[in-house]
Amino acid sequence: MARSMTADAAARFQEAAAPLPAEARLWAWGARVLYVGPALNLTAHRNAVAVLAMGLDGAFEVADAPGDPASAWRSRRTLLIAPDALHHLRSDTGRMAFLYVDPLSRDLAELNAGAETGAVAAAIKALADGARDWADVRRELTLRLGVDDTKADPRIRSALDALHADPSARLALGDLARQAGLSGSRFRRLFRAATGVTVRRYRLWIAMGAATRAFARGESLTTAALDAGFSSSAHFSAAFREMFGLEPSRLARGRLSLDVAEG
């Protein structure tokens, strides 16, 4: 006899089935993703990456005891959520922004060191309001996070172009270093200085972005996943949920607008 679904499982099922709002937008560049739109109102969950949550039009609420129905809630305008930290946010009105950054990145180090989150939120709100374009906001966010890949060594820039040209190739550090005419250690240092992350982590973000773009424009989940170098659609879905806390299938149903800045 099949067991009845638990309340938590039912909530997660409904969460996975619910489409994203049509007005939600997603930008990706380097080892970062930015979501702007209505609150996702997910159940209590963890992300493998760090998240800077921002209330663009007003405060949102944070559960003091995530997962506890009796938890007290506190009001915040910004909140930096550490990787793998259980959290539960809610907001009934206004837009939210979520900036996802790699747990091993210089971005997170800068945010932990006190980067101006208020200024970051103001720039993102201006983007959401149409007062500033993405290229302008991206430039400010990149500088505030301490990593400007547009000024990378030309040899590293060529390696980045190669990685983006074929995400499924999963080029190894040794191959990229040889193509650049650099030793492995020298290439590793220059690459991290330009991107804020290791080659392995950067490849994962590129693959995630490639699969997400393909799926959002109508490719099947399997095709999108395999073309980006994932072993299966299940592999991609699990990696996506681990990083962002929701199923990639919500992208297609929600008519999500996706803007990707390569490099």
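Readers should treat all values here as calculations from the given coordinates under stated rules, not as data from a laboratory. The structure presented is a predicted model; accordingly, all values stated were derived computationally and were not measured. In this analysis, Cβ positions are derived from the backbone assuming ideal geometry, glycine residues included, and neighbour counts consider all displayed protein chains.
Could you sort 100-106, 30-36, 169-175 so that the peptide with the highest average Cβ count within 10 Å comes first and the rest follow in order?
Per-residue Cβ counts within 10 Å, averaged per peptide and sorted highest first, yield 30-36, 100-106, 169-175.
Taking a ≥ b ≥ c as the square roots of the Cα gyration tensor eigenvalues, with a/c under 1.5 meaning rounded and otherwise prolate when a/b beats b/c, else oblate, which class fits region 26-137? List each step's numbers first, then the result.
Values: a/c = 1.90, a/b = 1.29, b/c = 1.47.
Oblate, because a/c is 1.5 or more while a/b does not exceed b/c.
Gain in length, Ala59 to Ala234, computed as 0.36 nm per residue apart minus the alpha-carbon separation, to one decimal in nm? All intermediate terms of the calculation are to be shown ahead of the outcome.
Numbers: separation 175, 0.36 × 175 = 63.00 nm, distance 3.57 nm.
Full-extension gain reported as 59.4 nm.
Give the value in nm², to one decimal: projected area of the alpha carbon convex hull of region 97-220, averaged over all directions. Each step should come with its number before you reach the end.
Working: hull surface 34.5 nm².
Directional mean of the projected Cα hull area for region 97-220 stands at 8.6 nm².
Based on the Cβ-Cβ distance from Asp161 to Ala70, what FRET efficiency comes out when R0 is 45 Å, to the nearest 0.05?
That gives a FRET efficiency of 0.30.
Name the GluC sites (Glu not before Pro) in region 58-149 that are in a loop by DSSP and that have at most 12 other C-beta atoms within 10 Å, would you?
In loop regions of region 58-149 (DSSP not H, G, I, E or B), the sparsely surrounded GluC sites (Glu not before Pro) are Glu116.
Can you compute the label reach from Leu86? Point 7 Å from Cα along the Cβ direction, backbone N cut-off under 20 Å, restricted to region 35-65.
The answer is 41-51, 61-65.
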